[in-house]
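Asks: I am attaching a structure below and will ask some questions about it afterwards.
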Amino acid sequence: MSGHSKWHNIQARKGAQDKKKANIFTKLARTITTAAREGGGDPTMNFKLRIAVDKAKAASMPKDGIERAIAKGTGAGGGAAMIPVSYEAKGPGNIDIIVDCLTDNKNRTASEIKHIFSKNGGIVGAPGSVAWNFEQKGYIEINFQFPISNFQNKDEAIMNVMDVGGVLDIEELSDALSVYTKPKELAAVAKELEIKGFKIEKMELIMDPKNTVKISDEDAEKAMRLLELLDDYDDTENVWTNME
């Protein structure tokens, strides 16, 4: 899980800075819109939407902005349809990169993504050029700060997580627990964890690298610059890499 985990941790450290940027609400709104489009506009019936709304509230996104994003996802809010699109590429040190975007203009996004890569030591490839090196999995991050309801200690809590059907693996972080699931069982696992008393902090589908690569410090510095630019791009939903 190291490829996903390191970039995930880097993103987590950047979180406090990102919240100061104007585009954070735009990205949150797009996530809400997508969740509403996929599963309906009722957070009590759409678990993915509820997580997205909770995340938006935690970032102090205005209530009317959340409601507009939900309305857009259900078709009640008008505006251009948002289309998911992914780009596969090579970066400095020959690392593999996948960029997931959500856009209302595929041509514009494709052009701008290619520009970011070309100016920062990377190149966009054809579909399938790097996707073969990634496996889609469900990813859940749960609060692992004790006391946790119903559990005496961390070992007992971990055993209860592993007992949930659909869980593939876990990884303990400083104050959280990463839970990896089968893609189609992501929502079911998250609901079961909540029933057991765990607090869900994050839930998403990820692209986990099958093989990771270690690159030189010089290439790593260039790669991190590229990854941060991609992550900051307005249309970007997620960035995945196999860099260690």
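Laboratory data are not the source of any read-out in this text; all were calculated from the coordinates shown. Predicted model, so just to flag it, every value in this text is computed and none were measured. Counting neighbours? That spans all protein chains shown, and the Cβs are built from the backbone with ideal geometry, glycine included.
Asks: Would you mind telling me which residue in LEU168, LEU49, LEU177 has the biggest mean-square fluctuation in a Gaussian network model of the chain, where springs connect alpha carbons within a distance under 10 angstrom?
Replies: Maximum among the listed residues: LEU168.
Asks: With springs only between Cα atoms under 10 Å, which of LEU102, LEU173, LEU28 fluctuates most in a Gaussian network model of the chain?
Replies: LEU173
Asks: Multiplying the sequence separation of LYS106 and GLU156 by 0.36 nm and subtracting their Cα-Cα distance, what value in nm do you get?
Replies: 13.2 nm
Asks: Quick check on packing: order 158-165, 135-142 by the mean number of other C-beta atoms within 10 Å, highest mean leading.
Replies: Those peptides, ordered most packed to least, come out 135-142, 158-165.
Asks: Once the Cα gyration tensor of region 110-167 is found, what semi-axes does its equivalent ellipsoid get, as square roots of 5 times the eigenvalues, in whole Å, sorted largest first?
Replies: Its equivalent ellipsoid spans semi-axes of 42, 16, 8 Å.
Asks: Is it possible to state the helix-based mean residue ellipticity at 222 nm for the chain, with each DSSP H run of 4+ residues giving -39500 (n - 2.57), the sum divided by total residues, to the nearest 500 deg cm²/dmol? What is it?
Replies: Roughly -14000 deg cm²/dmol at 222 nm, from the helical runs in the chain.
Asks: Okay, moving on. Beyond 17 Å, how much of the Cα-Cα pair distribution for region 134-208 remains, as a whole percent?
Replies: Percentage above 17 Å: 34.
Asks: Most mobile of LYS55, LYS27, LYS63 per a Gaussian network model of the chain (Cα springs, under 10 Å)?
Replies: Judging by the Gaussian network model, the answer is LYS63.
Asks: Tell me the label-point distance for the pair GLN145, HIS115, using the 7 Å Cα-to-Cβ offset, in nm and rounded to one decimal.
Replies: 4.1
Asks: For the chain, taking Cα atoms only, what is the radius of gyration to one decimal and the Dmax to the nearest whole Å?
Replies: 18.3, 54
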